[in-house]
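For reference, the structure discussed in these notes is given below.
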């Protein structure tokens with residue numbers, strides 16, 4: 001009698017559900033094996049530790065036992081960059097690193113290490129709160145830092161044109177004024193002096209050479225303005241009263257007698273070139289500089305506002 | 001069963017593929033980081049004499065340049081004469097002599113940036129303004145005086161200006177304008193402070209015409225290059241310096 005053939009597993013009908021159950025059962029058995037669980041836990045822990053260690057050792061400011069390739073030394077975890085070392089050595093010795101001898105190299109490195117140590121010590125002792133120079137340097141550094149993007153960003157032509165239109169009055173040539181300023185000699189009778197200067201003004205208007213007129217009426221050239229001077233310089237040298245009268249005149253015209261503390265003056269205009277508005281194309285460079293400076297100021301103001309908003313500032317009542 | 005075996009083989013193949021990709025990635029990263037380290041360990045000026053590392057640095061530096069420097073200097077490194085941004089492909093270095101260490105210093109600390117190691121010793125005053133210079137007192141120049149100085153510069157350029165104006169211009173260049181202080185008595189410039197030579201045909205701003213020289217004297221120049229020290233890694237800074245160095249005619253061939 002033939003033995004009944006055992007049922008082949010292949011011939012068993014397995015539905016996907018059965019298969020899933022089987023896999024789940026196997027996985028459960030696999031994961032409940034205590035030795036295996038321990039091993040998996042250990043591998044996970046080691047992996048976690050490696051990751052954490054990598055993170056710690058590569059984080060900024062981490063204390064390391066090696067010098068990174070871009071540095072020549074580490075001082076309490078802070079690098080002394082090779083590029084800085086090369087530049088400082090060249091600046092101090094006046095020769096490239098390759099030509100510097102060992103003593104020079106060592107000296108510069110020692111100086112840089114000392115500087116780094118002192119800077120670190122200065123931070124520890126809170127130098128910024130006591131040393132005004134350090135405070136000024138910090139203020140300057142932050143001001144420049146917050147506005148560096150403004151300085152380096154190149155505006156478009158449209159932005160520049162809009163800025164030019166908004167600030168048109170700033171873009172003109174500087175006016176030039178040339179005058180001969182005559183005054184009656186000190187100590188002369190005030191009435192005679194006034195009479196003489198009035199007569200001199202009339203003679204110049206009539207077409208006589210101003211120098212001849214001055215000699216005739218005994219007037220002295222003050223020499224306050226030499227040649228053509230820019231408006232603001234002429235104003236400083238002549239004083240507001242004389243300048244305001246002179247600048248309103250054209251070349252070849254003369255003022256009336258103007259009474260001043262040192263006696264009556266008469267001013268003959270030899271040149272008056274008023275400022276001329278500059279076209280955008282001609283003023284572009286200046287517009288670009290002004291645009292950047294304005295943007296810089298705005299960014300600094302924004303930074304100031306941001307810092308004030310988040311700061312805790314208490315002002316004593318008497319000073320509010 | 002055969003189906004299961006087939007699936008298992010496929011998974012094994014996928015796993016092997018992933019492992020191979022990961023291994024290649026690790027291998028590439030390890031090569032990349034060791035080459036970067038080797039590039040950084042060299043003194044900057046020695047890099048060009050190591051062709052393999054120099055080539056590696058130049059290739060890395062191009063993308064760094066395009067991301068950080070091209071907005072001003074242009075992808076072709078031609079600069080902008082409209083905005084006073086220097087061209088980086090000629091022999092005329094505004095600062096230094098084009099050595100890789102000098103370019104690296106500028107990439108690290110910039111020009112007129114917020115760091116005490118930056119290049120910030122002088123600017124071009126705006127002589128058409130009431131207060132031409134912020135660093136110390138300088139008197140403004142009149143339009144006529146500026147014109148005389150331009151005539152003197154034109155003579156140095158080999159043109160034929162009015163000699164009476166040139167005579168006055170020399171005096172203004174040496175005295176009132178104090179131009180000699182930065183540009184030198186011979187107009188040779190000073191690449192330590194970034195003052196350009198005025199006797200050659202290379203112009204930082206404009207095309208060297210009378211008009212643009214006049215504008216520069218009237219309105220001044222004070223371009224800024226940002227510092228990248230804390231923005232990009234030391235390796236990228238070395239690489240971008242190598243890239244710029246490679247584009248200048250003084251550079252030795254890569255091989």
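What to note about this one:
- Out of A:53, A:44, one residue alone is under 30 Å from residue B:33 (Cβ atoms), part of a helix (DSSP H, G or I), modelled with pLDDT of 80 or more and away from every other protein chain (no Cβ under 14 Å). It is A:44.
- Verdict on residue B:211 being without any contact (Cβ under 8 Å) to a residue 12 or more places away in the chain and either within 14 Å of chain A (Cβ to nearest Cβ) or in a loop (DSSP other than H, G, I, E, B) (or both): yes
- Any hit, the stretch B:122-129, residues being under 17 Å from the mean Cα position of the chain (by Cα), part of a loop (DSSP other than H, G, I, E, B), buried (at least 18 other Cβ atoms within 10 Å of the Cβ) and at the interface with chain A (Cβ under 7 Å from one of its Cβ atoms): no
- Restricting the stretch A:277-308 to residues that are under 17 Å from residue B:217 (Cα atoms) and touching a strand residue (DSSP E or B) at 6+ places or on another chain (Cβ under 9 Å), the residue that is nearest to the other protein chains (Cβ to nearest Cβ): A:285
- Exactly one residue out of A:246, A:214, A:202, A:234 is under 18 Å from residue B:130 (Cα atoms) and not in a strand (DSSP E or B): that is A:234.
- Within the set B:83, B:50, the sole residue that is over 11 Å from the mean Cα position of the chain (by Cα) and at pLDDT 95 or above turns out to be B:50.
- Selection count where residues are within 21 Å of residue B:232 (Cα to Cα), facing chain A (nearest Cβ under 10 Å) and touching a strand residue (DSSP E or B) at 6+ places or on another chain (Cβ under 7 Å), scope the stretch B:80-110: 1
- Residue within the stretch B:130-151 that is in a loop (DSSP other than H, G, I, E, B), more than 10 Å from every other protein chain (Cβ to nearest Cβ) and at positive phi present: no
- Count - residues of the stretch A:169-181 that are outside any helix (DSSP H, G or I) and within 14 Å of chain B (Cβ to nearest Cβ): 8
- Taken over the stretch B:216-231, residues that are assigned to a loop (DSSP other than H, G, I, E, B), within 12 Å of residue B:85 (Cβ to Cβ) and either at the interface with another protein chain (Cβ under 8 Å from one of its Cβ atoms) or in contact with a helix residue (DSSP H, G or I) (Cβ under 8 Å, 6 or more places away or on another chain) (or both) amount to 1.
- Inspection of the stretch A:95-104 identifies at least one residue that is without any contact (Cβ under 8 Å) to a residue 24 or more places away in the chain, buried (at least 16 other Cβ atoms within 10 Å of the Cβ) and more than 10 Å from chain B (Cβ to nearest Cβ).
- From the list B:21, B:58, B:64, the lone residue that is free of Cβ contacts under 8 Å to residues at least 12 places away in the same chain, more than 12 Å from chain A (Cβ to nearest Cβ) and either more than 16 Å from the chain's Cα centre (by Cα) or surrounded by 10 or more Cβ atoms within 10 Å (Cβ to Cβ) (or both) is B:21.
- When A:184, A:203 are checked against the criterion of being under 30 Å from residue A:225 (Cα atoms), away from chain B (no Cβ under 14 Å) and modelled with pLDDT of 95 or more, A:203 stands alone in meeting it.
- The single residue among A:80, A:113 that is surrounded by 15 or more Cβ atoms within 10 Å (Cβ to Cβ), at negative phi, more than 25 Å from the chain's Cα centre (by Cα) and within 13 Å of chain B (Cβ to nearest Cβ) turns out to be A:80.
- In the stretch B:181-194, the residues that are over 18 Å from residue B:146 (Cβ atoms) and in contact (Cβ under 8 Å) with a residue 24 or more places away in the chain: B:191, B:192, B:193, B:194
- Checked against the criteria, residue A:256 does not count as within 14 Å of chain B (Cβ to nearest Cβ), in contact with a strand residue (DSSP E or B) (Cβ under 8 Å, 6 or more places away or on another chain) and at pLDDT 90 or above.
- Residue in the stretch B:200-208 that is in contact (Cβ under 8 Å) with a residue 60 or more places away in the chain and farther than 17 Å from residue B:86 by Cα present: no
- Residues of the stretch A:129-166 that are exposed (fewer than 15 other Cβ atoms within 10 Å of the Cβ) and more than 23 Å from residue B:112 (Cβ to Cβ): A:129, A:130, A:131, A:132, A:157, A:158, A:161, A:162, A:165, A:166.
- One residue from B:206, B:189, B:194 being surrounded by 16 or more Cβ atoms within 10 Å (Cβ to Cβ), within 14 Å of chain A (Cβ to nearest Cβ) and at positive phi: B:206
- Of everything listed in (1) surrounded by 17 or more Cβ atoms within 10 Å (Cβ to Cβ); (2) on the phi < 0 side of the Ramachandran plot, the single unmet condition for residue B:7 is (1).
- Number of the condition not met by residue B:163 [criteria: (1) within 11 Å of chain A (Cβ to nearest Cβ); (2) more than 21 Å from residue B:202 (Cα to Cα)]: (1)
- Boolean, residue B:154 is over 30 Å from residue A:95 (Cβ atoms), buried (at least 18 other Cβ atoms within 10 Å of the Cβ) and either touching a residue at least 24 places away in the same chain (Cβ under 8 Å) or more than 14 Å from every other protein chain (Cβ to nearest Cβ) (or both): yes
The values are calculated or read from the model by the stated rules, or taken from the named source; none is laboratory data. On a predicted model such as this, the values are computed, not experimentally measured, just so you know. Every residue, glycine as well, gets a Cβ built from its backbone with ideal geometry; the counts of neighbours run over all protein chains shown.
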